[in-house]
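What follows is a short report on a single structure.
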Amino acid sequence: MPKPITRNTLFYGDNLSILREYIPSESVDLIYLDPPFNSNRSYNVLFKNESGTASEAQLTAFDDTWHWGPTAEATYYDLVTASPAGIVKMISALRDFIGTNQMMAYLVMMAARLVELHRVLKPTGSLYLHCDPTASHYLKIVLDTIFGAKYFQNEIVWCYETAGKSKKHFSRKHDVILFYSKSNEWVFNYQNISIPRKRGKHMKIGFDENGREYEQKVDRKTGKIYRWYFDEGRLPFDYWTDIQFINWEEAQRLGYPTQKPLALLERIILASSNPGDIILDPFSGCGTAISAAQKLNRRWIGIDITHLAIAMHKARLKDMFNLEPGKDYDVIGEPLDLTSARQLAQDDRYQFQWWALSLVKAKPVGGEPTSRKGKKGSDRGIDGIIPFIDDPKGKTSTAIVQVKSGHVKSGDIRDLIGTVQNQEAAFGIFITLEEPTPEMITAASQAGFYHSPIWQEKYPRIQILTIAALLTGATVQMPRLSTAAFKRAPRVKKSTGEQAELDL
C-alpha cells in the first residue's frame, strides 16, 4: 500500500506505474487531466487499422504509447482479465466497434489510467478530463462505466478564438471538459467562481432595504418572485466564452504547444477544491494546473513522462513562486547519482539529454515537449542553448550546450569550438557522462576566454562539465545577468484573498 504523499511532488515517468506505486487510495481531492491527443488528426487517420499501408508520416504524429501495439494489447488484456464486469463489457464492445487502431489504443490506455484515478480520488473528490470533440464521446462512455453515469455533472464546452480557418467545415473553436464526481457528495464552491451578471434593456431592476441592486424575475407557473443580486454575480454556464486561448504575445505564454490559460485551471480548482486540498495532474505538461494549485494555496502532485516537461515545471515554479526542487517540493524519478544517470542514458538518450540540459538550465534545441521522441533533422552540433544578456544595449548572447552520454574524445571539443565560431556564440558548454581525457581539457583551455563587457570579467570560452560534477553542485561560469532558458513565467504577487495576482 503506497504511503501518503506529504509534500508537493513532481514525478517523472509513466503515470500508470506511478499511480499504482505511489498514490494511495482515496487520497486526492481533485484531478485535472489534459491527456495528449492531436485534434488536427482526421477521422480516416484515427480509425486507420495499424496493419494498413498509409503513409508513415501520418503514423508518427502520435507517440508510440498511443499506437495499437504490444503495450496497448497488454493493457487491454489486463483490463478484460482484472476489471469489474462493466468495464470488461465496455472495453470489449469498443474494440469490436472501433477495431485495433490508434483511437482504440488511446481509449485502452486512458481506461487503465481512469481506473487508477478513480481509485485515488476521495469520495468527495471530482475529476475534470480535458479533451477535444474527436474523442470526447468515447471518453464519456469510458467515464460513465468507471465512475457511473449518475455521477456525471457537466460537459463543459470551452469556447475560444484562435487563428486558422477551413473552407470545408465550420471553424473548430472549442474543447470539451468532462466533469465527474466520485459520489453524491462532492465539493463545489459556486460562490468562488461567480462572474458579473449582465444588465439587459428589459430587466426589472430593484433595490432592497439595504440599497443592494437586483434583477427581479417572476416564475410564470408558480408566481414566485426571485431576486438575483448583481453584487453576487452569477454561476458560469456550462459553456465558457470568457476565458480565451493564450495568444503568443501574452506574458504567461511559455511556448508549450498545448498550454492552457491559468484562468481556466483557477476556475476549476476554485470550484472543486478548498485551500490545503490535494490537486493531481497526471499529464502535467508545462505545469499550468500545478502553478494554479500553488497560487491558490492547494497541495499538488504532477506527473509527466518527459524530462523536458519536468524541466519546464521547475523553471515555472522558480519564476512564479521562487520555489526550489528538493527544498520546497520533491522531484521523484530524476537521476540522483551517477549510476541512475548512466541507467537513464542507456534507457533513453533523449531523456538523458533533456535531463542533463536541465542541470544547467539550458533550453533544448529540437524535439517536442509533448513527445518522447528526440529532435528532428540536423542540430548543427547544438543540443541546447542558454540565452543571456551581457551588453549595455540589451543585446542577447548565446551559450551553446552539447551533451554526450557515450565515449568522448578531444575531437568533440574541437567540433564544439567550430560550432561556437560558426554560430557566433559567446562560449560553449560540453556536458559529459564520462570523465574528459587530458587532451580534451587541453583543447578546451586553448580556446581562450569570453570577456564580459558589463561585468569586465572573463569566462572560459569552452567549459567541460561532467554529470558527476553537476550532481554535486558544479555550475556554468557565465555572466550573472542572464535570461531564462524557457520563456519566463510572470511572478505571482501574494494576496490576502484566495486568488493571488499575476505580476505582469
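The values are calculated or read from the model by the stated rules, or taken from the named source; none is laboratory data. Since the model is a prediction, treat every value here as computed from it, not as a measurement. Neighbour counts run over all protein chains shown; Cβ positions are idealised from the backbone, glycine included. For accessibility, only protein heavy atoms count, side chains too; no ligands or nucleic acids. Shrake-Rupley method; radii C 1.70, N 1.55, O 1.52, S 1.80 Å.
Residue-wise test of (1) more than 26 Å from the chain's Cα centre (by Cα); (2) closer than 21 Å to Met103 by Cα; (3) of a type in the set (A, V, I, L, M, F, W, C).
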position: Val120; (1), (2), (3): no, no, yes
position: Ser126; (1), (2), (3): no, no, no
position: Cys131; (1), (2), (3): no, yes, yes
position: Ala135; (1), (2), (3): no, yes, yes
position: Phe152; (1), (2), (3): no, no, yes
position: Cys159; (1), (2), (3): no, no, yes
position: Lys167; (1), (2), (3): yes, no, no
position: Lys173; (1), (2), (3): no, no, no
position: Asn192; (1), (2), (3): no, no, no
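Of Gly148, Gly99, which residue is on the phi > 0 side of the Ramachandran plot and without any contact (Cβ under 8 Å) to a residue 40 or more places away in the chain?
Every option except Gly148 fails the conditions.
Is it the case that some residue within the range 92-111 is in contact with a strand residue (DSSP E or B) (Cβ under 8 Å, 6 or more places away or on another chain), in a helix (DSSP H, G or I) and open to solvent by less than 60 Å² (accessible area, probe 1.4 Å)? Before the answer, list the steps.
The initial filter retains those residues of the range 92-111 that are in contact with a strand residue (DSSP E or B) (Cβ under 8 Å, 6 or more places away or on another chain), namely 99-101.
Narrowing the set further to residues that are in a helix (DSSP H, G or I) leaves none.
Looking for residues that are in contact with a strand residue (DSSP E or B) (Cβ under 8 Å, 6 or more places away or on another chain), in a helix (DSSP H, G or I) and open to solvent by less than 60 Å² (accessible area, probe 1.4 Å), one finds none in the range 92-111, hence no.
Can you pull out the residues in the range 96-114 that are of a type outside the set (S, T, N, Q) and more than 15 Å from His137 (Cα to Cα)?
Asp96, Gly99, Ala105, Met109, Ala112, Arg113, Leu114
Might you check whether a residue that is open to solvent by less than 20 Å² (accessible area, probe 1.4 Å), within 25 Å of Asp328 (Cβ to Cβ), modelled with pLDDT under 85 and among the charged types (D, E, K, R) occurs anywhere in the range 268-289?
no
Test each condition in (1) at pLDDT 80 or above; (2) surrounded by fewer than 16 Cβ atoms within 10 Å (Cβ to Cβ); (3) under 33 Å from the mean Cα position of the chain (by Cα) for Lys373 and report the one that comes out false.
Every condition holds for Lys373 apart from (1).
In the range 120-156, what residues are closer than 16 Å to Tyr239 by Cβ and open to solvent by 40 Å² or more (accessible area, probe 1.4 Å)?
Pro133, Gln153, Asn154, Glu155 - these are the residues of the range 120-156 that are closer than 16 Å to Tyr239 by Cβ and open to solvent by 40 Å² or more (accessible area, probe 1.4 Å).
So is Phe230 farther than 30 Å from Thr288 by Cα and without any contact (Cβ under 8 Å) to a residue 40 or more places away in the chain or not?
Spelling it out, Phe230 is indeed farther than 30 Å from Thr288 by Cα and without any contact (Cβ under 8 Å) to a residue 40 or more places away in the chain.
Consider Ala362 carefully, then state whether it is within 28 Å of Pro387 (Cα to Cα), within 18 Å of the chain's Cα centre (by Cα), hydrophobic (A, V, I, L, M, F, W, C) and open to solvent by less than 40 Å² (accessible area, probe 1.4 Å).
Here the answer is no, as Ala362 does not meet what is asked.
Among all residue pairs at least 6 apart or on different chains, which show Cβ distances below 8 Å where the first residue, located in the range 1-18, is of a type in the set (Asp, Glu) and the second is part of a loop (DSSP other than H, G, I, E, B)?
Asp14/Ile305
Quick check on the range 113-134. Is at least one of its residues more than 25 Å from Ser27 (Cα to Cα) and not in a loop (DSSP other than H, G, I, E, B)?
So in the range 113-134, the residues more than 25 Å from Ser27 (Cα to Cα) come out as 132-134.
This time we only want the ones that are not in a loop (DSSP other than H, G, I, E, B), so: none.
Scanning the range 113-134, I find no residue that is more than 25 Å from Ser27 (Cα to Cα) and not in a loop (DSSP other than H, G, I, E, B), so the answer is no.
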